[in-house]
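To start, the structure itself, in structure tokens.
The values are calculated or read from the model by the stated rules, or taken from the named source; none is laboratory data. Computed from a predicted model, the values in this text were never measured in an experiment. Here the Cβ positions follow ideal geometry from the backbone for every residue, glycine too, while neighbour counts run over all protein chains shown.
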Number of protein chains: 2
Amino acid sequence: MREIAVIGIGQTVIAEHWEKSLRVLAGEALLAALADAGRERVDGLFIGNMLSGPLNHQENLGALVTDWVGLRGTEAVKIEAACGSGGAALRAGLLAVGSGEMDSVAVVGVEKMTDTVGHQTTAALATAADADWESAQGLSFVAINALVMRRYLHEYGWKHTDFAAFSINAHANALSNPNARLHERISTADYNRARMVADPINLLDASPIGDGAAALVIVPADDLRGSGRPVITIAGSASATDSLAVHDRRDPLWLAAAADSARKAYAQASVGPADIRVFELHDAFSIMAALSLEACGFAERGQAPRLALDEQIGPQGRVPVATRGGLKARGHPVGATGVYQIVEVVQQLRGEAGDTQVPGEPKIGMAQNIGGSGATIITHILRAN
Amino acid sequence: MREIAVIGIGQTVIAEHWEKSLRVLAGEALLAALADAGRERVDGLFIGNMLSGPLNHQENLGALVTDWVGLRGTEAVKIEAACGSGGAALRAGLLAVGSGEMDSVAVVGVEKMTDTVGHQTTAALATAADADWESAQGLSFVAINALVMRRYLHEYGWKHTDFAAFSINAHANALSNPNARLHERISTADYNRARMVADPINLLDASPIGDGAAALVIVPADDLRGSGRPVITIAGSASATDSLAVHDRRDPLWLAAAADSARKAYAQASVGPADIRVFELHDAFSIMAALSLEACGFAERGQAPRLALDEQIGPQGRVPVATRGGLKARGHPVGATGVYQIVEVVQQLRGEAGDTQVPGEPKIGMAQNIGGSGATIITHILRAN
């Protein structure tokens, strides 16, 4: 497959956007990415979104968005893989350019989650889990992750407070990200006394939902050689699945799909964990940040909290994660998240990450997007050339 | 892009499957297609589905289905383009094989629509239209199509009864299709006295919803040369969009996305309408059958009913359509329909279409899948080599 580069990025603030509809949000991010790329058209549009049907009474987003931004007629489709929809949309777009059928593709992740009534959003998020064997038993999505976290604490002997460092890092990094949902520094004391959501997951373990959109423009890398523009290529791209229901896995504390997709992406890029200078991981809950770090080879099993406690996950650390706030503080508009992650890795590789810029001109970054409690995982590795 | 062939097909009966869940339906079709292909594994799975979120409380179908059929770990994703989801899933799978990243792909279309309460399904189907400018005004999906049909009758001077031939053909062809939803021969008199749904669309203009799944296995065509197996290649594949809201189009009676995608697919396959020996079109409503025939060059504008009245759309006619019953009588499990269409074209090209086999060993067939009232349209041309 031919080599492909990201030439444009765009994003909206993640917030409660009462005044902006789904198409307006998607359009803002897409037009920003096109402007950044210096393009007016693309051959195809891939939209990552999970919940537009139940929450916005709108499907067929491909036609919705192309028409709204003045690209009526352009091929477009929606890609869904629960909270992994954004990463999956990039991968589908990548394969389209890789096939040679398209010479430019825009990828948009969009979600509008807050304009709903009562428990509608919680019920909609539960569709990421197994409806027959998990949700129907009364397990909300956060409750599933709470069971996983409790098991982790039991197996490896950590205390809940040992996870504080993940959330503290994310909140600190979000302070200088103007697009982040939360701008609030937190302390270990704040973390320890946060309101319980589903024991042991409290409010400061959990990422906030939100409305937002992020977008990318990708083209064959050869189009950019000699153009003077930075060439940030997608050096690795892989996706893998696991059982939807967590109880069906041999080991509920091992993200097999994270390990599989990371292994493939590392091989494609000819790199290993030690080469990754920034890692935008899927910290929907602090426990998921830990499991991702372990599955991707950044920590031994059961030892990821040590990495955080030793301050190795900050922008100056060995494995900078959530450098723009992560899901925890930048926010988690579910189908858009995977695209925000890529946008943020590109910012780091361009040296445009402001106060949380990883030092030393990082050349290689990774993003990992998770759909369900580890059921669909998409890993991308980007390289600045 | 390398040439790609369909080597396996599978389908379930379309019915009210009270005893079968979404995953069971998808699994049955997928395992049948794998058996037909003589394969046990694929590199990727692309699932066409529109309404699993609102109707089945289940998203993340990629992980759901791969695990259920014993392919845990395999890359998988859901593709959504309203009622065009099945065709869009095939196109995404085709690009994946075309890119060289995957050497075999399964495409599954699945929808389970009848296990719901009250008007839930009607509301869910309305998400194919423009939520802000159509659905929110109280227009159901059938009502939008009724406005289009009324305009057509007004502009071109046809009477409602002139559309009877489309439905009569579909119902007649479904009689010998064991997987069809309806097995009921109808007459012009039946059509004329059918209960009104949204004037002028009556019950015999409209396709029935249903539960069902269909599946394909595709591989590079070179894998089959000299194997003795029939080589049915995908000679053309294209997708295009139009405005979501019908009132935003310059001409509500012209399916621009059908014309665009058909033009591209014809060019790729180096054929024209006269070469197409079987055309599985998207007759969700009889008016859509007429508009598709016109946009794809089989009839002059405003003249498609003449083709039907002259008995040119039956299996022995000039343009056989709905040869296994079409959406009208085979049934329309929305996200699965586009895959059923391809399965049926393959049956025709293999000479396995039974009583409604198009005579003379047809070599070229076309399928056109429509999402929304013409908003997303995917056209595929298949060739028997």
task: Say whether the condition of being more than 19 Å from the chain's Cα centre (by Cα) and under 30 Å from residue B:4 (Cα atoms) is met by at least one residue in segment B:185-205.
output: no
field: Matching entry among A:48, A:70 (being of a type outside the set (S, T, N, Q) and over 29 Å from residue A:288 (Cα atoms))
entry: A:70
message: Which numbered condition in (1) among the β-branched types (Val, Ile, Thr); (2) under 19 Å from the mean Cα position of the chain (by Cα); (3) farther than 30 Å from residue A:302 by Cβ is the only one that residue A:168 fails?
response: (3)
field: Close pairs from segment A:181-193: first under 24 Å from residue A:16 (Cα atoms), partner at pLDDT below 95, Cβ under 9 Å, at least 6 apart
entry: none
field: Of all residues making up segment A:154-169, the number that are surrounded by 13 or more Cβ atoms within 10 Å (Cβ to Cβ) and of a type in the set (Lys, Arg)
entry: 0
message: Of everything in segment A:98-125, what is of a type outside the set (A, V, I, L, M, F, W, C) and surrounded by 18 or more Cβ atoms within 10 Å (Cβ to Cβ)? Give them in sequence order.
response: A:98, A:99, A:101, A:104, A:109, A:111, A:112, A:121
message: Criterion first (within 20 Å of residue B:37 (Cα to Cα), out of contact with any strand residue (DSSP E or B) (no Cβ under 8 Å at 6 or more places or on another chain), more than 10 Å from chain A (Cβ to nearest Cβ) and modelled with pLDDT of 95 or more) does residue B:69 satisfy it?
response: yes
statement: In the set B:227, B:239, B:243, the lone residue that is more than 20 Å from residue B:327 (Cβ to Cβ), among the hydroxyl-bearing types (Ser, Thr, Tyr) and buried (at least 19 other Cβ atoms within 10 Å of the Cβ) is B:243
task: List the strands (runs of 3 or more DSSP E) that sit entirely inside segment A:201-284 and contain at least 3 residues that are modelled with pLDDT of 95 or more and of a type in the set (Ser, Thr, Tyr).
output: A:232-241
task: Run down B:322, B:304, B:289 and say which single residue is under 24 Å from residue B:174 (Cα atoms), without any contact (Cβ under 8 Å) to a residue 60 or more places away in the chain and surrounded by 18 or more Cβ atoms within 10 Å (Cβ to Cβ).
output: B:304
- prompt: Restricting to segment A:2-40, what's the tally of residues that are within 14 Å of another protein chain (Cβ to nearest Cβ), more than 26 Å from residue A:381 (Cα to Cα) and of a type in the set (D, E, K, R)?
  reply: 3
- prompt: With respect to the numbered conditions (1) assigned to a loop (DSSP other than H, G, I, E, B); (2) at pLDDT 95 or above; (3) more than 19 Å from the chain's Cα centre (by Cα); (4) not hydroxyl-bearing (Ser, Thr, Tyr), which one is the sole condition not fulfilled by residue B:181?
  reply: (3)
query: If you go through segment A:350-362 one residue at a time, do you hit one that is buried (at least 24 other Cβ atoms within 10 Å of the Cβ), free of Cβ contacts under 8 Å to residues at least 60 places away in the same chain and out of contact with any Cys (no Cβ under 9 Å at 6 or more places or on another chain)?
result: no
- request: Inspect all residues belonging to segment A:47-65 and state whether any of them is among the β-branched types (Val, Ile, Thr) and facing chain B (nearest Cβ under 7 Å).
  value: no
message: If residue B:81 meets every condition in (1) small (Gly, Ala, Ser); (2) at the interface with chain A (Cβ under 10 Å from one of its Cβ atoms); (3) within 19 Å of residue A:244 (Cα to Cα) apart from one, which number is that one?
response: (3)
- line: Screening A:325, A:302, A:374 for residues that are farther than 26 Å from residue A:209 by Cβ and out of contact with any strand residue (DSSP E or B) (no Cβ under 9 Å at 6 or more places or on another chain) leaves only A:302
field: Cross-chain or 6+ apart pairs with Cβ under 8 Å, segment B:5-30 first and modelled with pLDDT under 95, then buried (at least 24 other Cβ atoms within 10 Å of the Cβ) and polar (S, T, N, Q)
entry: none
